[in-house]
Amino acid sequence: MAKPRKKQPQRTVQISCGKCRSLLYKYRKGGKGALVKCFVERIVEDHTNVVGVCPCCGQEFARETMIRGAPAYKIVGGKVMVK
């Protein structure tokens, strides 16, 4: 299977909790579609203490997985906001 591109996208987005609006990640997102997965190598800033759990309200927003041979977080639908 193909791996994600080596050259990272230029656009940086802020990912925040959908419930309490606290900042979770700053992420280099490619494309125009919805946020379905976050590759670990593209995360610029990580504001979480536990993987996939909001530090303020404790809501689980993602699960660890391997996608195309690279570690990633699979986002649970409707749990995060992208700005």
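Quick look at the values:
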item	result
Size of the chain as Cα extents on the principal axes (Å, biggest first)	36, 23, 20
LYS79 long-range amide H proximity, modeled H, under 5 Å	none
Simple spin-label estimate for HIS47 and GLN8 in nanometres, 7 Å along Cα-Cβ	1.8 nm
J(HN,Hα) series, the range 25-34, from Karplus relation 6.51 cos²θ - 1.76 cosθ + 1.60, nearest Hz, glycine and proline x	9, 10, 9, 8, 9, x, x, 9, x, 5
Simple Cβ-charge dipole of the chain, Lys/Arg +1 and Asp/Glu -1, about Cα centre, in debye nearest 20	520 debye
Spacing of the two label points (7 Å from each Cα toward its C-beta) at MET66 and CYS20, in nm	3.3 nm
Spatially proximal aspartates and glutamates relative to LYS3 (Cα-Cα < 16 Å; intrachain offsets below 8 disregarded)	GLU41
C-alpha center-to-center spacing [the range 2-27, the range 43-77] in angstrom	10 Å
Long-range HN-HN contacts of LEU24 with modeled amide H, under 5 Å	ILE15, SER16, CYS17
Note, ³J(HN,Hα) from phi for the range 10-18, Karplus 6.51, -1.76, 1.60, rounded to Hz, x at Gly and Pro	7, 6, 10, 10, 9, 9, 10, 5, x
Mean separation of Cα contacts under 8 Å, 6 or more apart, over the residue count of the chain: relative contact order %	33 percent
Residues of type lysines that LYS7 reaches as a straight line, Cα spacing below 20 Å, ignoring anything fewer than 8 places off in the same chain	LYS26, LYS29, LYS32, LYS37
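Read-outs: derived from the displayed coordinates by stated rules, not from any lab. Note that the structure is a prediction, hence the values are computed from the model and not measured. We place every Cβ from the backbone using ideal geometry, glycine too, and count neighbours over all the protein chains shown.
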